[in-house]
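Notes for the one structure printed next.
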Amino acid sequence: MLEIEIKCPCDDLAAVESKLIGLGAKPLGEVQQADVYLAHPCRDFGSTDEALRLRREGEEVTLHYKGPKLDKVSKSREEIGAPLVKPEAVRTIFDRLGFRPVSEVRKSRRSFVLGEVEVSLDSVAGLGGFVELEVQDRPLEEGRSMLFDLMKVLGLERTERRSYLELLLEKG
(Lines give C-alpha, C1' and ligand atoms only; values in the text may rest on other atoms or scores of the structure.)
Protein backbone atom coordinates (compact mmCIF):
# COMPACT_ATOMS: atom_id res chain seq x y z
CA MET A 1 0.00 0.00 0.00
CA LEU A 2 1.27 3.49 -0.83
CA GLU A 3 1.51 5.66 2.26
CA ILE A 4 1.76 9.36 1.41
CA GLU A 5 2.92 11.18 4.52
CA ILE A 6 4.44 14.40 5.75
CA LYS A 7 5.66 15.01 9.28
CA CYS A 8 5.99 18.40 10.93
CA PRO A 9 7.77 19.32 14.17
CA CYS A 10 5.30 21.06 16.47
CA ASP A 11 5.77 22.83 19.80
CA ASP A 12 2.02 23.28 20.42
CA LEU A 13 0.05 20.10 19.73
CA ALA A 14 -2.93 21.47 21.68
CA ALA A 15 -3.27 24.38 19.23
CA VAL A 16 -3.22 22.00 16.26
CA GLU A 17 -5.80 19.78 17.97
CA SER A 18 -8.04 22.81 18.51
CA LYS A 19 -7.76 23.74 14.82
CA LEU A 20 -8.56 20.17 13.79
CA ILE A 21 -11.69 20.09 15.94
CA GLY A 22 -12.71 23.49 14.53
CA LEU A 23 -12.40 22.04 11.01
CA GLY A 24 -14.67 19.14 11.97
CA ALA A 25 -12.03 16.42 12.35
CA LYS A 26 -13.25 13.25 14.06
CA PRO A 27 -11.15 12.01 16.98
CA LEU A 28 -9.99 8.39 16.66
CA GLY A 29 -8.51 8.10 20.14
CA GLU A 30 -5.18 8.02 21.89
CA VAL A 31 -2.72 5.12 21.99
CA GLN A 32 0.70 4.41 23.43
CA GLN A 33 3.07 2.94 20.84
CA ALA A 34 6.42 1.24 21.27
CA ASP A 35 8.29 0.58 18.03
CA VAL A 36 11.31 -1.72 18.02
CA TYR A 37 13.37 -1.36 14.83
CA LEU A 38 15.36 -4.34 13.63
CA ALA A 39 18.67 -4.46 11.75
CA HIS A 40 19.09 -7.03 8.98
CA PRO A 41 22.18 -9.26 9.41
CA CYS A 42 23.41 -8.72 5.80
CA ARG A 43 21.72 -5.54 4.61
CA ASP A 44 22.09 -1.96 5.84
CA PHE A 45 18.57 -0.55 6.06
CA GLY A 46 20.07 2.90 6.66
CA SER A 47 21.70 2.89 3.23
CA THR A 48 18.70 1.30 1.46
CA ASP A 49 16.28 3.69 3.23
CA GLU A 50 14.12 0.79 4.44
CA ALA A 51 12.85 -0.18 7.88
CA LEU A 52 11.58 -3.27 9.63
CA ARG A 53 9.76 -2.66 12.88
CA LEU A 54 7.63 -4.36 15.48
CA ARG A 55 4.95 -2.01 16.85
CA ARG A 56 3.21 -2.68 20.15
CA GLU A 57 -0.10 -0.92 20.86
CA GLY A 58 -1.61 -2.28 24.04
CA GLU A 59 -1.64 -6.05 23.65
CA GLU A 60 -1.41 -5.99 19.84
CA VAL A 61 1.88 -6.29 17.94
CA THR A 62 2.23 -5.60 14.23
CA LEU A 63 5.20 -6.24 11.93
CA HIS A 64 5.84 -3.44 9.41
CA TYR A 65 8.12 -3.19 6.38
CA LYS A 66 8.72 0.34 5.09
CA GLY A 67 10.25 0.75 1.64
CA PRO A 68 12.51 3.58 0.45
CA LYS A 69 11.06 7.09 0.33
CA LEU A 70 9.66 7.89 -3.13
CA ASP A 71 10.46 11.61 -3.36
CA LYS A 72 12.59 14.35 -1.83
CA VAL A 73 9.84 16.40 -0.16
CA SER A 74 7.69 13.90 1.76
CA LYS A 75 7.92 10.61 3.60
CA SER A 76 5.85 8.76 0.98
CA ARG A 77 6.73 5.09 0.66
CA GLU A 78 5.36 1.60 0.41
CA GLU A 79 4.31 0.20 3.77
CA ILE A 80 3.24 -3.36 4.46
CA GLY A 81 1.94 -4.33 7.88
CA ALA A 82 0.74 -7.60 9.37
CA PRO A 83 -0.67 -8.31 12.83
CA LEU A 84 1.21 -10.97 14.77
CA VAL A 85 -0.61 -13.73 16.61
CA LYS A 86 2.53 -14.91 18.46
CA PRO A 87 4.85 -11.88 18.64
CA GLU A 88 7.37 -13.49 21.00
CA ALA A 89 7.79 -16.44 18.62
CA VAL A 90 8.36 -14.03 15.73
CA ARG A 91 10.97 -12.13 17.79
CA THR A 92 12.73 -15.43 18.48
CA ILE A 93 12.69 -16.32 14.77
CA PHE A 94 14.20 -12.94 13.87
CA ASP A 95 16.83 -13.41 16.57
CA ARG A 96 17.76 -16.87 15.25
CA LEU A 97 18.07 -15.39 11.74
CA GLY A 98 20.49 -12.72 12.95
CA PHE A 99 18.19 -9.68 13.10
CA ARG A 100 19.05 -7.41 16.01
CA PRO A 101 17.14 -4.58 17.70
CA VAL A 102 18.54 -1.16 16.79
CA SER A 103 16.46 1.07 19.02
CA GLU A 104 13.01 1.59 20.45
CA VAL A 105 10.80 4.60 19.75
CA ARG A 106 8.08 5.33 22.33
CA LYS A 107 5.28 7.76 21.70
CA SER A 108 1.83 8.83 22.71
CA ARG A 109 -0.37 9.34 19.63
CA ARG A 110 -3.72 11.13 19.36
CA SER A 111 -5.31 10.55 15.96
CA PHE A 112 -8.01 12.32 13.99
CA VAL A 113 -9.56 11.91 10.56
CA LEU A 114 -10.43 14.90 8.41
CA GLY A 115 -11.90 13.85 5.07
CA GLU A 116 -9.45 11.33 3.65
CA VAL A 117 -6.52 12.53 5.76
CA GLU A 118 -5.46 10.90 9.00
CA VAL A 119 -3.75 13.34 11.33
CA SER A 120 -1.63 12.07 14.23
CA LEU A 121 -0.42 14.26 17.07
CA ASP A 122 2.67 12.53 18.43
CA SER A 123 4.53 13.16 21.66
CA VAL A 124 7.77 11.23 21.11
CA ALA A 125 9.98 10.37 24.09
CA GLY A 126 13.29 12.21 23.73
CA LEU A 127 12.15 14.27 20.70
CA GLY A 128 9.00 16.24 21.55
CA GLY A 129 5.89 16.99 19.48
CA PHE A 130 5.17 16.18 15.85
CA VAL A 131 2.16 16.19 13.56
CA GLU A 132 1.90 13.48 10.92
CA LEU A 133 -0.48 13.92 8.00
CA GLU A 134 -1.20 10.81 5.95
CA VAL A 135 -3.35 9.68 3.05
CA GLN A 136 -3.27 6.27 1.42
CA ASP A 137 -3.75 4.82 -2.04
CA ARG A 138 -3.91 8.12 -3.92
CA PRO A 139 -1.70 9.14 -6.82
CA LEU A 140 1.49 10.52 -5.24
CA GLU A 141 1.18 14.12 -6.53
CA GLU A 142 -2.50 14.38 -5.62
CA GLY A 143 -2.05 12.98 -2.13
CA ARG A 144 1.01 15.09 -1.45
CA SER A 145 -0.86 18.23 -2.56
CA MET A 146 -3.74 17.41 -0.18
CA LEU A 147 -1.32 17.06 2.72
CA PHE A 148 0.64 20.25 2.04
CA ASP A 149 -2.63 22.19 1.73
CA LEU A 150 -3.81 20.90 5.12
CA MET A 151 -0.40 21.57 6.62
CA LYS A 152 -0.81 25.27 5.74
CA VAL A 153 -4.38 25.38 7.11
CA LEU A 154 -3.11 23.95 10.41
CA GLY A 155 -0.36 26.59 10.59
CA LEU A 156 2.49 24.10 10.34
CA GLU A 157 5.59 25.66 8.81
CA ARG A 158 8.19 22.98 8.14
CA THR A 159 8.48 19.30 7.47
CA GLU A 160 10.83 16.61 8.71
CA ARG A 161 11.69 13.70 6.38
CA ARG A 162 13.82 11.78 8.85
CA SER A 163 12.09 9.04 10.81
CA TYR A 164 11.77 9.17 14.59
CA LEU A 165 14.40 6.42 14.68
CA GLU A 166 16.82 8.50 12.59
CA LEU A 167 16.24 11.56 14.77
CA LEU A 168 16.82 9.58 17.98
CA LEU A 169 19.98 7.93 16.62
CA GLU A 170 21.35 11.32 15.52
CA LYS A 171 20.57 12.77 18.92
CA GLY A 172 22.57 9.99 20.56
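Details
- Single residue of D95, D122, D137 found to be of a type in the set (D, E), surrounded by fewer than 16 Cβ atoms within 10 Å (Cβ to Cβ) and at pLDDT 95 or above: D95
- P87 surrounded by fewer than 14 Cβ atoms within 10 Å (Cβ to Cβ), at negative phi and over 13 Å from the mean Cα position of the chain (by Cα): no
- Residue that is surrounded by the fewest Cβ atoms within 10 Å (Cβ to Cβ) [pool: residues in region 1-57 that are among the polar types (S, T, N, Q) and touching a residue at least 40 places away in the same chain (Cβ under 8 Å)]: Q32
- Count - residues of region 74-92 that are within 30 Å of F148 (Cα to Cα) and either at pLDDT below 95 or not β-branched (V, I, T) (or both): 8
- All positions within region 75-84 that are crowded, with 16+ Cβ neighbours inside 10 Å and touching a Leu at 6+ places or on another chain (Cβ under 7 Å): S76, R77, L84
- Count of residues meeting criterion [without any contact (Cβ under 8 Å) to a residue 40 or more places away in the chain, under 20 Å from V61 (Cα atoms) and outside any strand (DSSP E or B)] in region 98-128: 1
- Failed condition for E166, given (1) modelled with pLDDT of 95 or more; (2) within 13 Å of the chain's Cα centre (by Cα); (3) not basic (K, R): (1)
- With respect to (1) in a loop (DSSP other than H, G, I, E, B); (2) exposed (fewer than 15 other Cβ atoms within 10 Å of the Cβ), the lone exception for L70 is condition (2).
The values are calculated or read from the model by the stated rules, or taken from the named source; none is laboratory data. Since the structure is predicted, the reported quantities are computational estimates derived from the model, not experimental observations. Cβ: placed from backbone, ideal geometry, glycine included. Neighbour counts: every protein chain shown.
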